[in-house]
Amino acid sequence: MAPLPKKRRIGLILGIVGGAVAMVVVVLVLIGMAVESGFPEAKNKLTLPGTLLDGKYRLAQDLSASEGKKIEDEADGAWDAKDLHGVVGTYNVGGDAAKGTLVVSGMYGRFKNTDAARRNMMKGAAEGASAKVAVPAKDFDLGGVTISCEVVTQEQMGTAFTVPMCAWADGNTGATVATVTPLASQSPSEIDLEAYARNTLRIRSEAVKPIG
């Protein structure tokens, strides 16, 4: 018998900004059969527009050449992901990080097992240094698109941050959106996850573009 294929881990690097950038590694586990069939056609790509959420957030840093390249390198050889391109960017409210920041971290290509990928993005958030899941992941079905969201707490430089995180995954794109606000110390139970899920759906509509 041939040996069973090993699991392949893909690191999605999320920057949580609260005056300084702290990198959190979110592990996305893709498990599949080593076959060529069953991959969707490449129709869409993940981009980093100049602004998101109708202009509220302005692109501060495009980290695709550095952190995005790490995603591509780690994903090389995944059995149910092909033609991968890593995309990582940080956004600030009106260009001012003190007013709020979000990080889009993801990839585009051709993917299988999208439901498992989305769930594992959420699960992997708890594996970051000092990160803990305060509110477990919940799925929101919004117009046929499933968005998963949870609340993660993390301590950086002696300060505790409450960070809502949401993710989507489809046949061509997958990303996690982490949001840091001036209310980053608020109680996790006060976070309106459905509101963040709807924001993530809007971000998806603004960031996902047809190829060509």
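The single condition among (1) within 19 Å of LYS45 (Cβ to Cβ); (2) modelled with pLDDT under 90; (3) surrounded by fewer than 20 Cβ atoms within 10 Å (Cβ to Cβ) that ASP62 does not satisfy is (2). Checking MET165, MET122 one by one, the residue that is in contact with a Cys (Cβ under 9 Å, 6 or more places away or on another chain) and either β-branched (Val, Ile, Thr) or part of a helix (DSSP H, G or I) (or both) is MET122 and no other. Go through the residues of the stretch 136-143 one by one and say whether even a single one is within 13 Å of the chain's Cα centre (by Cα) and assigned to a strand (DSSP E or B). No, the conditions are met nowhere in the stretch 136-143. Scanning the stretch 83-107 for residues that are closer than 26 Å to PRO210 by Cβ, open to solvent by less than 50 Å² (accessible area, probe 1.4 Å) and either touching a Cys at 6+ places or on another chain (Cβ under 6 Å) or not aliphatic (A, V, I, L, M) (or both) yields GLY86, GLY89, THR90, TYR91, SER105, GLY106. The requirement of being open to solvent by 50 Å² or more (accessible area, probe 1.4 Å), in contact (Cβ under 8 Å) with a residue 40 or more places away in the chain and more than 15 Å from the chain's Cα centre (by Cα) is fulfilled nowhere in the stretch 144-153; no residue meets it.
Considered as a group, the residues in the stretch 42-75 that are of a type in the set (Ser, Thr, Tyr) and not in a strand (DSSP E or B) include one that is nearest to ALA175 (Cα to Cα), and that residue is THR47. Within the bounds of the stretch 121-131, is there any residue that is among the hydrophobic types (A, V, I, L, M, F, W, C), surrounded by 21 or more Cβ atoms within 10 Å (Cβ to Cβ) and modelled with pLDDT of 90 or more? No - not one qualifying residue is present in the stretch 121-131. Restricted to the stretch 196-208, and to residues there that are in a helix (DSSP H, G or I), open to solvent by less than 40 Å² (accessible area, probe 1.4 Å) and of a type in the set (A, V, I, L, M, F, W, C), the residue that is farthest from ASN172 (Cα to Cα) is ALA197.
With respect to the stated conditions, PRO182 fails to be touching a Ser or Thr at 6+ places or on another chain (Cβ under 6 Å) and either part of a strand (DSSP E or B) or open to solvent by 40 Å² or more (accessible area, probe 1.4 Å) (or both).
Just one of (1) open to solvent by less than 50 Å² (accessible area, probe 1.4 Å); (2) closer than 22 Å to GLU41 by Cα; (3) more than 13 Å from the chain's Cα centre (by Cα) fails for ASP115. It is (1).
The values are calculated or read from the model by the stated rules, or taken from the named source; none is laboratory data. These figures come from a predicted structure and were not determined experimentally. All Cβ positions, even for glycine, are placed from backbone atoms using ideal geometry, and neighbour counts span all protein chains on display. Note: areas computed on protein heavy atoms with side chains; ligands, DNA, RNA excluded. Shrake-Rupley method; radii C 1.70, N 1.55, O 1.52, S 1.80 Å.
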